[in-house]
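The values are calculated or read from the model by the stated rules, or taken from the named source; none is laboratory data. Here the structure is a predicted model, which is why all the values come from computation and not from measurement. Here the Cβ positions follow ideal geometry from the backbone for every residue, glycine too, while neighbour counts run over all protein chains shown. Accessible surface areas use protein heavy atoms only, side chains included; no ligands, DNA or RNA. Shrake-Rupley method; radii C 1.70, N 1.55, O 1.52, S 1.80 Å.
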Amino acid sequence: MGLLTFSLNVTLDGCVDHQEGIADDETRALFTRLMDECGAMLWGRVTYEMMEGYWPAVARGDQEAPPAMREWAVKLEAKPKYVVSSTRTDLPWTNSHHIAGDLREGVQKLKDATPAGVLLGSGTLATELDRLDLIDEYQLLVHPRIAGHGPTLYQGGLPGTRRLELLSAEPLRNGAVAMHYRRAC
């Protein structure tokens, strides 16, 4: 069984708006490594649609992008992508699959079938999966910014505090810190 790892950009005040993080070669390299190490991506519908609206065009060369971004887009194109949605079943992006029915059962089945692990990149979905005790690790890139707005990490709340064990903390040259935690027993 593979691990389910939640990974996201977050500012010091908890904002997870994708436009608030630092997008440079160093952060792209970090997320490329995370993607390379996992066997599949897992997103909610909103994240899927945001990604679907840009990255396939970059991979095809239809969208202007630096070489490093194009390389990332091509890797993402090839990676299996699983989407949790109760409103959308048509997922035309290459290697996209719908998770339907019982959320716990569907995600557990995905974890069981993906020994290299699953990388979760949706904040709202992470809240639901954390409520179901399905997240094993957290790889958060904490940016040296205060956004002053939301959405924020775990905005929907959890039934209780999650105790985590620090596995590593890696400062980046841009001031962000890559934090790697696992659920404490």
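Evaluate the following for residue 180: is it assigned to a strand (DSSP E or B) and either on the phi > 0 side of the Ramachandran plot or out of contact with any Lys or Arg (no Cβ under 8 Å at 6 or more places or on another chain) (or both)?
On the way: assigned to a strand (DSSP E or B): yes; either on the phi > 0 side of the Ramachandran plot or out of contact with any Lys or Arg (no Cβ under 8 Å at 6 or more places or on another chain) (or both): yes.
For residue 180, the condition - assigned to a strand (DSSP E or B) and either on the phi > 0 side of the Ramachandran plot or out of contact with any Lys or Arg (no Cβ under 8 Å at 6 or more places or on another chain) (or both) - is met.
If you go through segment 16-48, how many residues are touching a strand residue (DSSP E or B) at 6+ places or on another chain (Cβ under 7 Å) and under 20 Å from residue 171 (Cβ atoms)?
Selection size over segment 16-48: 6.
Among the residues of segment 1-22, how many are in a strand (DSSP E or B) and closer than 26 Å to residue 104 by Cα?
7
Scan segment 154-163 for residues that are open to solvent by 70 Å² or more (accessible area, probe 1.4 Å) and within 19 Å of residue 121 (Cβ to Cβ) and jot them down.
Here is the first cut: in segment 154-163, the ones open to solvent by 70 Å² or more (accessible area, probe 1.4 Å) are 155, 159, 161, 163.
Passing the criteria: only 155.
Taking helices (runs of 4 or more DSSP H) that fall entirely within segment 47-153, which contain at least 1 residues that are within 27 Å of residue 24 (Cα to Cα), open to solvent by 70 Å² or more (accessible area, probe 1.4 Å) and of a type outside the set (Lys, Arg)?
Working: elements: 55-60, 67-78, 103-113, 123-131.
Once the helices (runs of 4 or more DSSP H) in segment 47-153 are filtered for at least 1 residues that are within 27 Å of residue 24 (Cα to Cα), open to solvent by 70 Å² or more (accessible area, probe 1.4 Å) and of a type outside the set (Lys, Arg), what remains is 67-78, 123-131.
When you scan segment 29-46, how many residues do you find that are under 24 Å from residue 85 (Cβ atoms) and either without any contact (Cβ under 8 Å) to a residue 24 or more places away in the chain or open to solvent by 20 Å² or more (accessible area, probe 1.4 Å) (or both)?
Total satisfying the criteria: 4.
Can you tell me which residues in segment 1-28 are open to solvent by 40 Å² or more (accessible area, probe 1.4 Å) and farther than 27 Å from residue 148 by Cα?
Once the filter is applied, which keeps residues that are open to solvent by 40 Å² or more (accessible area, probe 1.4 Å) and farther than 27 Å from residue 148 by Cα, segment 1-28 yields 1, 3.
Name the residues in segment 165-185 that are open to solvent by 70 Å² or more (accessible area, probe 1.4 Å) and either touching a Phe, Trp or Tyr at 6+ places or on another chain (Cβ under 8 Å) or of a type in the set (Asp, Glu) (or both), would you?
Start the filter on segment 165-185 by keeping residues that are open to solvent by 70 Å² or more (accessible area, probe 1.4 Å), which leaves 165-166, 170-171, 173, 182, 185.
Listed by number, the residues that qualify are 165, 166, 170, 182.
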